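To start, the structure itself, in structure tokens.
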Amino acid sequence: MRAELKKRIEERTAHLAVIGLGYVGLPVAALFAKHGFDVTGVDILLDRVNKINSGISPIEGIEPGLQELISETVRGGKLKATLDYASIADCDVVLIDVETPVNKKHFPEYEALKGALDSLGAILKAGTLVVVESTIMPGTMEQLVKPALEESSGLRSGIDFFLGNCPERVMPGRLLHNLQKMNRVAGGDSPETAALMKALYAQVVEADVDECDWITAELVKTVENAYRDVNIAFANEVALICEALKADVWRVRELVRKSPGREMLKPGAGVGGHCIPKDPWLLAASIHQRDFPLRLIPAARSINDYMPQHMMKLLQQSLGVLKGKKVLILGYAYLEDSDDTRSSPAEVLKTLLSNEGAKVVVHDPFIKEYVGDVLKKARGCDAAVLVTAHSYYKQLDLKTLGQAMRTSLLVDGRGLWDRTTVIEAGLKLSRLGGAISVFREE
Ligand code: SAJ
């Protein structure tokens with residue numbers, strides 16, 4: 001059965017289904033459609049289905065090439081969207097791209113995944129390749145996906161249908177680029193299924209597709225993001241050390257990076273997004289209740305989660321009591337030059353400041369709710385706090401900004417500005433990682 005399916009994949013006559021048409025599933029569906037496959041996307045949101053079937057991308061933000069690709073493939077009849085699982089009953093390949101959030105106790109919530117597996121199982125036909133692309137806790141394929149699909153379909157995994165995990169590696173703003181250019185890991189229920197997955201992804205991926213088993217694929221994705229989170233936490237902890245020692249973390253980092261193999265990341269006002277704050281917890285959850293208490297990964301998460309609070313501390317160091325003060329937050333998106341606000345550190349800081357009785361104004365050139373004239377927003381403020389290093393802020397006239405404010409304190413949470421520029425503009429600077437300085441000597 002695999003050989004016949006492999007042939008249809010290579011001839012691109014296999015009928016593909018993608019379950020979940022969000023920022024991962026939709027670009028995947030459009031990309032396979034672009035390469036000649038008939039692709040049917042399934043989603044639970046009627047509005048999203050209707051938009052896609054009218055050739056409109058429902059994905060917010062600047063995604064180069066995506067809107068054109070969707071209209072082209074929908075118009076060409078290669079891509080269509082539906083609410084109805086019956087429409088994918090004849091599919092040969094099914095990709096699952098539904099959300100896999102973690103709850104407040106840092107455990108995965110699989111309602112969307114379970115729903116997809118139950119609905120898919122009800123119409124699953126023998127010989128189908130099913131691939132979970134969502135990021136999942138290591139062990140989920142074995143403990144949840146396989147039994148759920150066998151139960152709902154009455155078929156046997158690895159015998160009647162083939163099952164794999166190929167974690168997505170997307171990034172907002174580079175969805176199509178990453179899908180085509182980034183290496184992928186194809187974890188199969190057997191080496192033969194991993195090879196079949198490789199044949200599938202080779203149709204659209206211009207990078208390596210590395211074959212392995214389920215647990216390896218699940219670990220690679222969660223480990224690569226936990227790795228990044230721990231390294232960001234290290235940079236943040238060094239920043240706190242530098243503040244205590246009146247050093248400048250940005251100069252320290254610059255010189256540390258001159259030493260081979262020391263690619264120290266950047267300290268910052270917080271760690272947001274859809275991947276980095278979540279995936280370390282998926283990794284940690286995989287060995288919960290074992291006799292091996294994780295220390296580094298949870299500690300890194302708590303350091304990174306603390307950073308918005310540290311920005312408030314920097315404000316308090318300069319302004320004293322914040323009650324009644326007016327503070328301008330510069331940047332609400334979680335990432336520079338992006339409009340993605342998932343797990344935004346600015347939201348955490350906004351809440352902390354409001355709880356202290358401060359009046360908070362937010363500016364962000366990419367977020368509809370917070371666009372507007374930054375100088376108008378600065379009027380009467382006692383401080384401006386940079387939380388997101390949008391390039392728009394780099395070209396801001398700091399002198400004019402300072403003149404608009406009641407007291408011109410600039411708290412730089414991303415090391416965006418150099419000290420001299422700020423002082424020469426007549427502002428007081430408090431920079432994450434040290435080098436707090438005073439007004440220019442009169
Ligand atoms: N951040 C820092 N310091 C750094 C780097 C990032 O504070 O040195 C903060 C950012 O401000 C942001 C958060 O961390 O709030 C996440 O930033 P990110 O650059 O990791 O961007 P993400 O969240 O889009 O990460 C994704 C991840 N890709 C996938 O999960 C497929 C990550 O593994 C990639 O390294 C990253 O994109 C990328 O750079 O491509």
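Any idea which of (1) out of contact with any Lys or Arg (no Cβ under 9 Å at 6 or more places or on another chain); (2) surrounded by fewer than 22 Cβ atoms within 10 Å (Cβ to Cβ); (3) within 12 Å of Lys80 (Cβ to Cβ) is the one His15 doesn't satisfy?
Only one criterion in (1) out of contact with any Lys or Arg (no Cβ under 9 Å at 6 or more places or on another chain); (2) surrounded by fewer than 22 Cβ atoms within 10 Å (Cβ to Cβ); (3) within 12 Å of Lys80 (Cβ to Cβ) is unmet by His15, namely (1).
Spot the failing condition for Asp337; the list is (1) free of Cβ contacts under 8 Å to residues at least 60 places away in the same chain; (2) acidic (Asp, Glu); (3) farther than 22 Å from Arg406 by Cβ, and only one is missed.
Asp337 satisfies all of (1) free of Cβ contacts under 8 Å to residues at least 60 places away in the same chain; (2) acidic (Asp, Glu); (3) farther than 22 Å from Arg406 by Cβ except (1).
Pairs only if they're at least six apart or on different chains, beta carbon under 6 angstrom, first in the stretch 165-179 and within 30 Å of Pro191 (Cβ to Cβ), second assigned to a loop (DSSP other than H, G, I, E, B) and among the aliphatic types (A, V, I, L, M); list them, first residue then second.
From residues that are within 30 Å of Pro191 (Cβ to Cβ), the pairs are Glu168/Val24; Arg169/Met182; Val170/Val24; Asn178/Val170; Asn178/Met171.
Would you check if Ala199 is buried (at least 17 other Cβ atoms within 10 Å of the Cβ) and in a strand (DSSP E or B)? Give the steps one after another, and end with the answer.
Numbers: buried (at least 17 other Cβ atoms within 10 Å of the Cβ): yes; in a strand (DSSP E or B): no.
Judged against the criteria, Ala199 is not a match.
If you scan the stretch 131-151, which residues turn out to be in contact (Cβ under 8 Å) with a residue 60 or more places away in the chain and part of a strand (DSSP E or B)? Please lay out each step first, then the result.
If we filter the stretch 131-151 for residues that are in contact (Cβ under 8 Å) with a residue 60 or more places away in the chain, which is where we start, we get 131, 133-142.
Val131, the sole residue that qualifies.
Say we look at the stretch 210-236 and pick out the residues that are among the charged types (D, E, K, R) and more than 18 Å from the chain's Cα centre (by Cα); which of these is nearest to the ligand (Cβ to nearest atom)? Walk me through it before giving the result.
First pass over the stretch 210-236, keeping only residues among the charged types (D, E, K, R): 210-211, 213, 218, 221, 224, 228-229.
Checking the rest, the ones that are also more than 18 Å from the chain's Cα centre (by Cα) come to 210-211, 213.
Values: Asp210: 15, Glu211: 19, Asp213: 21 Å.
So the residue we want is Asp210.
Residue under question is Ala299, and the condition is that it be closer than 28 Å to Ile136 by Cβ, assigned to a helix (DSSP H, G or I) and more than 19 Å from the chain's Cα centre (by Cα); does it hold? Walk me through how you get there before you give the answer.
Working: closer than 28 Å to Ile136 by Cβ: yes; assigned to a helix (DSSP H, G or I): yes; more than 19 Å from the chain's Cα centre (by Cα): yes.
For Ala299, the condition - closer than 28 Å to Ile136 by Cβ, assigned to a helix (DSSP H, G or I) and more than 19 Å from the chain's Cα centre (by Cα) - is met.
With the checklist (1) within 12 Å of the ligand (Cβ to nearest atom); (2) assigned to a loop (DSSP other than H, G, I, E, B); (3) not aromatic (Phe, Trp, Tyr) in hand, flag the one item Ala239 doesn't pass.
Just one mismatch for Ala239, condition (2).
Restricting to the stretch 1-43, name every residue that is part of a loop (DSSP other than H, G, I, E, B), of a type outside the set (Phe, Trp, Tyr) and over 14 Å from Ile88 (Cβ atoms).
In the first step, residues of the stretch 1-43 are kept if they are part of a loop (DSSP other than H, G, I, E, B); the result is 1, 12-14, 20-24, 35-37, 43.
Filter once more, so that each one left must be of a type outside the set (Phe, Trp, Tyr): 1, 12-14, 20-22, 24, 35-36, 43.
Within the stretch 1-43, Met1, Arg12, Thr13, Gly22, Val24, His35, Gly36 meet the criteria.
Would you check if Pro267 is within 11 Å of the ligand (Cβ to nearest atom) and modelled with pLDDT of 95 or more?
Values: within 11 Å of the ligand (Cβ to nearest atom): yes; modelled with pLDDT of 95 or more: yes.
Here the answer is yes, as Pro267 does meet what is asked.
Regarding the stretch 152-160, can at least one residue be identified that is free of Cβ contacts under 8 Å to residues at least 12 places away in the same chain, in a helix (DSSP H, G or I), within 30 Å of Ala89 (Cα to Cα) and of a type outside the set (Asp, Glu)?
No - not one qualifying residue is present in the stretch 152-160.
Select, from Ile88, Ile56, Ile123, the only residue that is within 21 Å of Asp38 (Cβ to Cβ), free of Cβ contacts under 8 Å to residues at least 60 places away in the same chain and surrounded by 16 or more Cβ atoms within 10 Å (Cβ to Cβ).
On the way: Ile88 fails: free of Cβ contacts under 8 Å to residues at least 60 places away in the same chain; Ile56 fails: surrounded by 16 or more Cβ atoms within 10 Å (Cβ to Cβ).
Every option except Ile123 fails the conditions.
Do we have any residue at all in the stretch 397-413 that's of a type in the set (Gly, Ala, Ser) and under 30 Å from Ala233 (Cβ atoms)? Show your work before the answer.
Keep residues of the stretch 397-413 that are of a type in the set (Gly, Ala, Ser), which gives 402, 404, 408, 413.
The next check asks that each one be under 30 Å from Ala233 (Cβ atoms); those that pass are 413.
Yes, the stretch 397-413 contains a residue that is of a type in the set (Gly, Ala, Ser) and under 30 Å from Ala233 (Cβ atoms).
Among the residues of the stretch 75-101, which ones are over 27 Å from Gly127 (Cα atoms) and part of a helix (DSSP H, G or I)?
Applying the first criterion (over 27 Å from Gly127 (Cα atoms)) to the stretch 75-101 yields 75-76, 101.
Arg75, the sole residue that qualifies.
Hey, any hits in the stretch 305-319 for a residue that's within 12 Å of the ligand (Cβ to nearest atom) and at pLDDT below 95?
There is no residue in the stretch 305-319 that is within 12 Å of the ligand (Cβ to nearest atom) and at pLDDT below 95.
List pairs: first in the stretch 277-304 and more than 15 Å from Pro108 (Cβ to Cβ) and away from the ligand (no atom under 16 Å from the Cβ), second at pLDDT 95 or above and of a type outside the set (Ser, Thr, Tyr), Cβ under 6 Å, 6+ apart or cross-chain?
These pairs meet every condition: Leu294/Ala284.
Just one of Ala207, Ala186 is part of a strand (DSSP E or B), of a type in the set (Gly, Ala, Ser) and within 16 Å of the ligand (Cβ to nearest atom); which is it? If you could, list the steps in order and put the result at the bottom.
Working: Ala207 fails: part of a strand (DSSP E or B).
That would be Ala186, the only listed residue that is part of a strand (DSSP E or B), of a type in the set (Gly, Ala, Ser) and within 16 Å of the ligand (Cβ to nearest atom).
Please return the ranges of strands (runs of 3 or more DSSP E) entirely within the stretch 324-397 where 2 or more residues are away from the ligand (no atom under 12 Å from the Cβ) and among the β-branched types (Val, Ile, Thr). Reasoning before the result, please.
Details: elements: 326-330, 359-363, 383-386.
Result: 326-330, 359-363.
Are any residues in the stretch 161-178 within 16 Å of the ligand (Cβ to nearest atom) and either part of a strand (DSSP E or B) or at pLDDT 95 or above (or both), and if so, which ones?
Restricting attention to the stretch 161-178, the residues satisfying the condition of being within 16 Å of the ligand (Cβ to nearest atom) are 165-178.
Asn165, Cys166, Pro167, listed by residue number.
The values are calculated or read from the model by the stated rules, or taken from the named source; none is laboratory data. Fair warning: this is a prediction, and the values are worked out from it, not measured in the lab. Please note: Cβ atoms are built from the backbone with ideal geometry, for glycine as well, and neighbour counts cover all protein chains shown.
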